[in-house]
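This report refers to the structure that appears directly beneath it.
We did not get these values from a lab; they are worked out from the coordinates using the rules stated. Small disclaimer: the values here were computed from a predicted structure and weren't measured. Cβ placement follows ideal geometry from the backbone for every residue including glycine, while neighbour counts extend to all protein chains displayed.
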Amino acid sequence: MAKQVTGVAKFQIPGGQATPAPPVGTALGKFGVNLGQFVQAFNDKTKEYAGTPIPVIVTVYNDRSFEFITKSPPAASMLKSAANIAKGSGVPHKEKVGKVTRAQCVEIAEKKMADLNARSIDQAVLMIEGTARSMGINVEG
């Protein structure tokens with residue numbers, strides 16, 4: 001007999017730095033999941049992303065077992081690190097806070113291609129460039 005899904009939780013945690021505290025504890029505690037087991041598995045899987053926020057989708061089954069899928073880091077955090085800025089602009093159309101090259105956008109799009117709703121790399125690059133513009137980052141080249 002197949003396992004029955006009890007619930008699904010989605011949240012972001014810095015790679016390799018998960019703890020049983022919120023958001024992990026509040027999202028998974030209500031399902032009765034062993035938080036220490038999840039934290040250990042997540043940290044082992046994401047240790048190379050050290051500190052970068054990683055979206056995770058956790059599926060919890062009726063026997064309190066779980067599976068989780070990690071996604072690629074958000075485009076905004078990748079753009080911030082590429083442009084060497086702390087945060088995006090509050091008024092992106094008036095105040096520009098940094099710049100990235102088209103080659104950097106292509107590199108980010110290639111990393112995120114599996115998680116984007118795009119048919120080609122060119123469309124994915126346009127999505128990343130749009131994210132950059134909405135953050136107040138100029139795209140050059």
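Distance between the modelled labels on Ile57 and Lys10, one decimal in nanometres: 0.7 nm (7 Å Cα→Cβ projection).
Using 0.36 nm times the number of residues separating Lys94 and Thr19, minus their current alpha carbon distance, what extension gain do you get? Gain in length upon complete extension: 23.1 nm. Using a cutoff of 8 angstrom between alpha carbon atoms and counting only pairs six or more residues apart, the relative contact order for the chain works out to 22 percent. Report, to the nearest 10°, how far helix 121-134 tilts away from the longest principal axis of the Cα atoms in the chain, using its own Cα long axis and a range of 0 to 90°. The two axes meet at around 80 degrees. For mean projected area of the Cα convex hull in nm², computed directly from the structure shown, the correct entry in [x] 8.1; [y] 9.1; [z] 10.1 is [z].
Basic side chains Lys and Arg get +1 at the Cβ, acidic Asp and Glu get -1 at the Cβ, and with that the dipole of segment 5-70 about its Cα centre reaches some 140 debye. Extension gain, Lys47-Glu110: 0.36 nm per intervening residue step, less the Cα-Cα distance, totals 20.6 nm. Any number yet on Rg/Rh for segment 75-140, C-alpha, Kirkwood? My calculation of the ratio gives 0.96. Annotation: aspartates and glutamates with alpha-carbon distance below 19 angstrom to Lys111 (same-chain offsets under eight excluded): Glu48, Asp122, Glu129. Comparing Ala75, Ala86, Ala27 in a Gaussian network model of the chain (Cα springs below 10 Å), the most mobile by mean-square fluctuation is Ala86. Putting +1 on Lys and Arg Cβ atoms and -1 on Asp and Glu Cβ atoms, find which of Cys105, Ala27, Gln17 reaches farthest to the positive end of the dipole of the chain. Farthest towards the positive end: Ala27. Pairs with C-alpha atoms separated by more than 22 Å, drawn from the list Lys3/Lys71; Lys10/Lys112; Lys71/Lys94, are Lys3/Lys71; Lys71/Lys94.
Along its principal axes, segment 5-70 has C-alpha extents of 32, 20, 17 angstrom, given from the largest down.
With helices as the sole contributors, the chain gives -10500 deg cm²/dmol at 222 nm; each DSSP H run of n ≥ 4 counts as -39500 (n - 2.57), and the sum is divided by every residue.
In straight-distance terms, cross-link reach from Lys96 covers every one of the lysines whose alpha-carbon lies under 20 Å from its own, apart from those fewer than eight places away in the same chain; here that gives Lys80, Lys87.
Principal-axis analysis of the Cα atoms of the chain puts helix 102-112 at an angle of about 10° to the longest axis.
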